[in-house]
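Engineer: The structure is given below, and queries will be raised subsequently.
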Amino acid sequence: MMKKLLILTFIGVLALGGWLYQVLGISQIKALREGYVEITKPKEGGVSYKVVSQRPKSWIKISAIPKDAYMAIVISEDWAFFDHHGFDYEQIEIALMDAIDGKKLRGASTITQQLAKNLLFDSERSFLRKVLELGSSIALEHYLSKDKILESYLNIIQYGEDLYGINQASQFYFAKSAKNLEVKEGAFLAMLLPSPVRYAQSFYDKELTIFASQVVDSIIDKLAIAKVITKDRATEVKGEPLLFRF
C-alpha cells in the first residue's frame, strides 16, 4: 500500500514539476543555452548567481577540461548523470518517505538538481522546494545539453573557502589552468565537493589526510571502472605524488 502511495505521489510530483518548469526561472534557463553564469558576492555575505551573455573571465568550456578531470567529478557526484533526465528516482522516493515521516530533507542529489538549486533557489530545504527543484531540473534537461549543464555546474560550484569554479580552484590549488589538470589533481578537486572548506585542509597541510588519500584513490579506481582511464594508468596515478602550489 505504501509503495503504491509513493508511486502515485511521485507521479503527482512529476506532473506538478512538469508544469512548474514552464513558469519557474524559464527565462534564465533559456538564456543559459548561449550564456554563462556570473557569480557575485554581496556585502551581506554568501554568493548569488546570474545568467549573463558575456563570458566571465574565469569561465572554462567543458571541451577544454580534460575528460578524466570532469569525469572524476561526475563519478563522485552523479554517476548516472549522462543517463538520467535530471533526477534520481530512488532519491525522490527517499525524499517522499522523509516528507511522510516528517524528517529533515536531504540536499539536492543529481548534478542537474544542484545546478537548479544554485541558479534559481536559496538553501531552504522543504518538500515543496524539492518539487520546485525537480521542475527546474526537468527544464534544464529539456532546454540544455548535458555538456552545457555540466559545464555550468563545474564553473559555479564551491571548491574551498570563498573559492568557486573549477578554473579558479585549479589555479588556487595547483597554479595552473583547469585545461592542464592531471588525473590525480582532478580526483582531488572531486574529493573536495561534499565539504569543500573542511576537506581543503590537505592543501594547507601540503599533504593528503588519510581520509582524503583514500577518497582520491577510490575516485581514481572508479575512473578505471568507468573506462575513462585504464587499470594500469590508475595504479600508476595512485602512486604519483600530488603536488600543491607553494
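Engineer: Could you please give the count of residues in region 158-201 that are in contact (Cβ under 8 Å) with a residue 24 or more places away in the chain and among the hydroxyl-bearing types (Ser, Thr, Tyr)?
Structural biologist: Final tally of qualifying residues: 4.
Engineer: Restrict the check to region 61-74 and report whether at least one residue is in contact with a strand residue (DSSP E or B) (Cβ under 6 Å, 6 or more places away or on another chain) and modelled with pLDDT of 75 or more.
Structural biologist: no
Engineer: Checking Phe81 against (1) at pLDDT 85 or above; (2) exposed (fewer than 15 other Cβ atoms within 10 Å of the Cβ); (3) in a loop (DSSP other than H, G, I, E, B), only one condition comes out false. Which one?
Structural biologist: (2)
Engineer: If you scan region 222-236, which residues turn out to be buried (at least 16 other Cβ atoms within 10 Å of the Cβ) and either in contact with a strand residue (DSSP E or B) (Cβ under 6 Å, 6 or more places away or on another chain) or in contact (Cβ under 8 Å) with a residue 12 or more places away in the chain (or both)?
Structural biologist: Selection gives Lys222, Leu223, Val228, Ile229, Ala234.
Engineer: Another one. Which pairs do you get when a residue that is farther than 16 Å from Tyr164 by Cβ and touching a residue at least 40 places away in the same chain (Cβ under 8 Å), found in region 52-68, comes within reach of a residue that is aliphatic (A, V, I, L, M) and not in a helix (DSSP H, G or I), reach meaning Cβ atoms under 7 angstrom, with the pair 6+ apart or on two chains?
Structural biologist: Pairs that qualify, where the first residue is farther than 16 Å from Tyr164 by Cβ and touching a residue at least 40 places away in the same chain (Cβ under 8 Å) and the partner is aliphatic (A, V, I, L, M) and not in a helix (DSSP H, G or I), are Pro66/Leu181; Lys67/Val228; Asp68/Val228; Asp68/Ile229.
Engineer: Spot the failing condition for Asp98; the list is (1) modelled with pLDDT under 80; (2) in a loop (DSSP other than H, G, I, E, B), and only one is missed.
Structural biologist: (2)
Engineer: Something else now. Taking the stated definitions as given, is Ser145 within 17 Å of Lys238 (Cα to Cα), surrounded by fewer than 23 Cβ atoms within 10 Å (Cβ to Cβ) and under 19 Å from the mean Cα position of the chain (by Cα)?
Structural biologist: no
Engineer: Given the criteria in contact with a Gly (Cβ under 6 Å, 6 or more places away or on another chain) and not charged (D, E, K, R), does Asn167 qualify?
Structural biologist: no
Engineer: Against the condition modelled with pLDDT under 85 and either within 30 Å of Ser177 (Cβ to Cβ) or exposed (fewer than 14 other Cβ atoms within 10 Å of the Cβ) (or both), how does Asp88 come out, does it pass?
Structural biologist: No, not satisfied.
Engineer: Shifting gears a bit: Which one of Ser58, Ser76, Ser48 is under 27 Å from Ser27 (Cα atoms) and in contact with a helix residue (DSSP H, G or I) (Cβ under 7 Å, 6 or more places away or on another chain)?
Structural biologist: That would be Ser58, the only listed residue that is under 27 Å from Ser27 (Cα atoms) and in contact with a helix residue (DSSP H, G or I) (Cβ under 7 Å, 6 or more places away or on another chain).
Engineer: Within region 33-73, work out how many residues are assigned to a loop (DSSP other than H, G, I, E, B), of a type in the set (A, V, I, L, M, F, W, C) and surrounded by 14 or more Cβ atoms within 10 Å (Cβ to Cβ).
Structural biologist: Adding up the residues that qualify gives 3.
The values are calculated or read from the model by the stated rules, or taken from the named source; none is laboratory data. Computed from a prediction, not measured in an experiment: that's the story for all the values here. Please note: Cβ atoms are built from the backbone with ideal geometry, for glycine as well, and neighbour counts cover all protein chains shown.
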